[in-house]
Ligand code: AMP
Ligand code: MG
């Protein structure tokens, strides 16, 4: 256990322990970001009947042939026998020479097989006619099926609307409503206890005294958990005292996941691993070959039917974020039955040459920009893992493999987007400013 595990191997071991959450039926509107466990099927044909796609006249296309008896002076004249707006249904079959004024979305009358756009028609009355009839003059012929969507053309009854494994997005709610699916079967949201540890910590609404700092990891983790579809259970701050720590950890072990921050390194007050082991948490990882985040501690607390995965995240905010994205988010995804729980890296081109003297795989804060030429990545200035301001200057993590000293401008590198989706814009300009002039720094970039 003493040697540091590579990131992939560590993640593999952690994911092996994940038990997916039991299922529940939920309202669609409250299930955004959740993973469908069962496919959703169409409860009827879509569209449910052959419908008009235009405002115009429903006709029999054969009445508008060049040799049709309804041809008059280069146009065609049909008798208008009714009007159909969306929501109305016509039972009478259309006879030869007849047309029905029809609006978009209305079902075609029986016998009609095409719609002429209203723009190509004019209604006429022959004054000399003893019984004035409403006629429509049609200036262009149509093909059978023109401006018409046949019944079942989009989906036939019983067809799959969304597959199992689909991550629900707002636009899917419309599709689900159309097929009458008001609820979906998804995994229950994991409950995630969050406990910050450290004698120096005070809550964010306190003014820190000498030697104190505000607890920034707690609120960050709470937001990350919520955004990842978990239910945060905030346990506040534990002082670095064995009795207080064990008391709060005990509470945390009632959740599916327990996230602790701080207290997992080699300091004399780093009591978290000892307290966890004391409460029966079995260690799984004690350190990972990664920067930042090396001291990451992971264990499992097994009970009869359930278990709690416990993460001792390193205290520095950047380390906490990196470990969350590389390990905790994948666990939350796996618990929610996400088909791709592992971090999804994008290939991006480095916008400058880069040097790096790390002996561990490094996740460097960076700004990812979408361009016509693909993704471009700019590593941002970073003063090491305690640099909290960098959280606002980065929208991605640039992965730099261990043992490689330099990367060329334009080289493709793997980049992990951070949540929030802010690509380009203000951040891109800020990232650019960072590098003029480029400053050597205390982080992993040593030019
Ligand atoms: P530790 O892992 O406890 O040695 O903490 C490493 C560094 O992270 C120290 O500088 C701590 O003050 C800082 N730190 C620990 N916990 C937090 C927290 N919840 N919020 C902000 N900084 C923290
Ligand atoms: Mg500490």
Residues of segment 78-96 satisfying the condition of being more than 52 Å from the chain's Cα centre (by Cα) and either outside the structural domain of residue 106 (by TED's automatic domain parsing) or in a loop (DSSP other than H, G, I, E, B) (or both): 95, 96
Test for residue 337: is it at pLDDT 95 or above, away from ligand 2 (no atom under 16 Å from the Cβ) and either farther than 26 Å from residue 263 by Cβ or touching a strand residue (DSSP E or B) at 6+ places or on another chain (Cβ under 8 Å) (or both): yes
Criterion (more than 30 Å from residue 337 (Cβ to Cβ) and surrounded by 15 or more Cβ atoms within 10 Å (Cβ to Cβ)) met by exactly one of 86, 10, 61, 42: 61
Residues within segment 169-180 that are within 21 Å of residue 339 (Cα to Cα) and in contact with a strand residue (DSSP E or B) (Cβ under 7 Å, 6 or more places away or on another chain), tallied: 2
Identity of the residue in segment 173-206, free of Cβ contacts under 8 Å to residues at least 40 places away in the same chain and outside any loop (DSSP other than H, G, I, E, B), that ends up nearest to residue 317 (Cα to Cα): 202
Segment 188-208: number of residues that are more than 16 Å from ligand 1 (Cβ to nearest atom) and surrounded by 20 or more Cβ atoms within 10 Å (Cβ to Cβ): 2
Meets criteria (at pLDDT 95 or above, part of a helix (DSSP H, G or I) and assigned by TED's automatic domain parsing to the domain that holds residue 296) for residue 14: yes
Residue identified as within 38 Å of the chain's Cα centre (by Cα), outside any strand (DSSP E or B) and at pLDDT 95 or above among 164, 112: 164
Residues of segment 237-269 that turn out to be in a helix (DSSP H, G or I), within 16 Å of ligand 1 (Cβ to nearest atom) and touching a residue at least 24 places away in the same chain (Cβ under 8 Å), as a count: 5
Of all residues making up segment 59-77, the number that are touching a helix residue (DSSP H, G or I) at 6+ places or on another chain (Cβ under 6 Å) and either part of a strand (DSSP E or B) or closer than 29 Å to residue 48 by Cβ (or both): 1
Test: residue 235 is more than 15 Å from ligand 2 (Cβ to nearest atom) and closer than 30 Å to residue 44 by Cα: no
Residue list for segment 387-407, filter: part of a loop (DSSP other than H, G, I, E, B) and within 16 Å of ligand 1 (Cβ to nearest atom): 387, 388, 389
Those residues of segment 217-236 which are touching a residue at least 40 places away in the same chain (Cβ under 8 Å) and part of a helix (DSSP H, G or I), in sequence order: 217, 218, 220, 221, 224, 225, 227
Conditions (1) within 16 Å of ligand 1 (Cβ to nearest atom); (2) touching a residue at least 40 places away in the same chain (Cβ under 8 Å); number of the one not met by residue 146: (1)
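The values are calculated or read from the model by the stated rules, or taken from the named source; none is laboratory data. What you are looking at is a predicted structure, and each value in this text was computed from that prediction instead of being measured. Counting neighbours? That spans all protein chains shown, and the Cβs are built from the backbone with ideal geometry, glycine included.
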